[in-house]
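Notes follow once the structure below has been shown.
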Amino acid sequence: KALARLRNRAQCWQAAGRREPALTAYRDCERAALADGDWVGALDSTLSQGAVLAEMRQWPAAAEATARCIAMCWLHHHAHGLGYALWNQARVFARLRRPEAAARLMAFAEHFWTSRFGPLRAADRRYPLRVHALVAAQVGAARCETLWAEGRTQTLGQAVAQGGHHR
């Protein structure tokens, strides 16, 4: 319960723009959750670390944290967490100027989410559009569409391998 309260506090700090204390708390939560064998707490903490690091524009660190989350979700067959992590990793890859991986991963994640969890909310539909625009700016519109189509046909294993490889 204490870890859940600390994660909740970190989420409040993050929402208030207090990213450094949020990041520290998420890291503490990950370590404690792993020590306790609480893989759900650990994946939640790593997913949150990736998100706050992305807000801080620390793209390599965000990719690393999100890759850890993807690996945990894959290992434990946690589809919901995997959906979030693959989704988040796409934008990080676009910011790291990895447009091919970003486009394929975003297209896959969007399809994965809607096929398993239902339609996207209006606010969530903007995220893939932003990733699409970042990719198109890097590789051109035609190449972006090709990559997007390739991403929709990937297997889950291919997407996980792509999302976990961040270097």
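The values are calculated or read from the model by the stated rules, or taken from the named source; none is laboratory data. Since the model is a prediction, treat every value here as computed from it, not as a measurement. We place every Cβ from the backbone using ideal geometry, glycine too, and count neighbours over all the protein chains shown. Please note that ligands, DNA and RNA were not included when accessible areas were found on the heavy atoms of the full protein model with its side chains. Shrake-Rupley method; radii C 1.70, N 1.55, O 1.52, S 1.80 Å.
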Which numbered condition P128 fails, given (1) in contact with a helix residue (DSSP H, G or I) (Cβ under 7 Å, 6 or more places away or on another chain); (2) of a type outside the set (S, T, Y); (3) free of Cβ contacts under 8 Å to residues at least 40 places away in the same chain; (4) more than 12 Å from A102 (Cα to Cα): (4)
Some residue of the stretch 105-116 being under 20 Å from Q58 (Cα atoms) and open to solvent by 50 Å² or more (accessible area, probe 1.4 Å): no
Residues that are over 19 Å from F112 (Cβ atoms) and of a type in the set (S, T, N, Q), drawn from the stretch 130-159: Q138, T146
Evaluation of R68 against (1) open to solvent by 60 Å² or more (accessible area, probe 1.4 Å); (2) in contact with a Ser or Thr (Cβ under 9 Å, 6 or more places away or on another chain); (3) within 18 Å of Q154 (Cβ to Cβ) (one fails), failing number: (3)
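For L86, are the conditions met, namely being at pLDDT 95 or above, open to solvent by less than 30 Å² (accessible area, probe 1.4 Å) and more than 24 Å from W148 (Cβ to Cβ)? Don't jump to the end; show me each part of the working.
Details: at pLDDT 95 or above: yes; open to solvent by less than 30 Å² (accessible area, probe 1.4 Å): yes; more than 24 Å from W148 (Cβ to Cβ): no.
It is false that L86 is at pLDDT 95 or above, open to solvent by less than 30 Å² (accessible area, probe 1.4 Å) and more than 24 Å from W148 (Cβ to Cβ).
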Members of the stretch 117-151 that are farther than 20 Å from R95 by Cβ and more than 17 Å from the chain's Cα centre (by Cα): G118, P119, R121, A122, A142, E145, T146, A149, E150
Exclusive hit being of a type outside the set (V, I, T), in contact (Cβ under 8 Å) with a residue 24 or more places away in the chain and touching an Asp or Glu at 6+ places or on another chain (Cβ under 7 Å), set L134, L147, L156: L147
Close pairs (7 angstrom Cβ cut-off, 6 or more residues apart or separate chains): under 12 Å from C69 (Cβ atoms) in the stretch 23-42, assigned to a loop (DSSP other than H, G, I, E, B) and open to solvent by 60 Å² or more (accessible area, probe 1.4 Å) anywhere: W39/H76
